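Contents: one structure, followed by commentary.
The values are calculated or read from the model by the stated rules, or taken from the named source; none is laboratory data. For clarity, every value in this text was computed on a predicted model and none was experimentally measured. Positions of Cβ are generated from backbone atoms using ideal geometry, with glycine treated the same way; all protein chains shown enter the neighbour counts.
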Amino acid sequence: MTDKELRKLRRSDLLELLIEAEKRNEKLNEENQTLREQIKEKKINISKAGSIAEAALLLNGVFEAAQEAADQYIENVKRMEEIFGEREEDLKIEHQERKQGFEPEVMD
C-alpha cells in the first residue's frame, strides 16, 4: 500500500494492518530462530565430520603401524624356525654320533 492509501484508512483498519504486520514479524522471527538453530547444528555436524575424518586418518596410521608390526613378527618367527630347524638337525647329528660312540660292548 502506498502512503496515500494508508492515509485514507480508518484507525481500526490501520490497527488491523498493524496487528497482521506484528503477527508476520513474530512468525518471521520464529522462522529466523529455527533457521539459526539449523545452521548451528549443520556447523556442529560439519565440525564432527571433520573430526571423524581426522580420526579415520589417525586410525589408518595406527592400522599401518600394526600391520608393519605383524609383518615384522611373522618375519621373526620364520627366522626363528629356520634357526631352530638348523639347530635341530645339528642336535640329531650330534645325538647319532654320540649314540654310535657309546654303543655298549658285547661281552662274550
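Would you check which residues across the stretch 34-49 are hydroxyl-bearing (Ser, Thr, Tyr) and at pLDDT below 90 and list them?
47
Considering each of 93, 39, 46, 52 in turn, give the residue that is surrounded by 10 or more Cβ atoms within 10 Å (Cβ to Cβ), over 37 Å from the mean Cα position of the chain (by Cα) and part of a helix (DSSP H, G or I).
93
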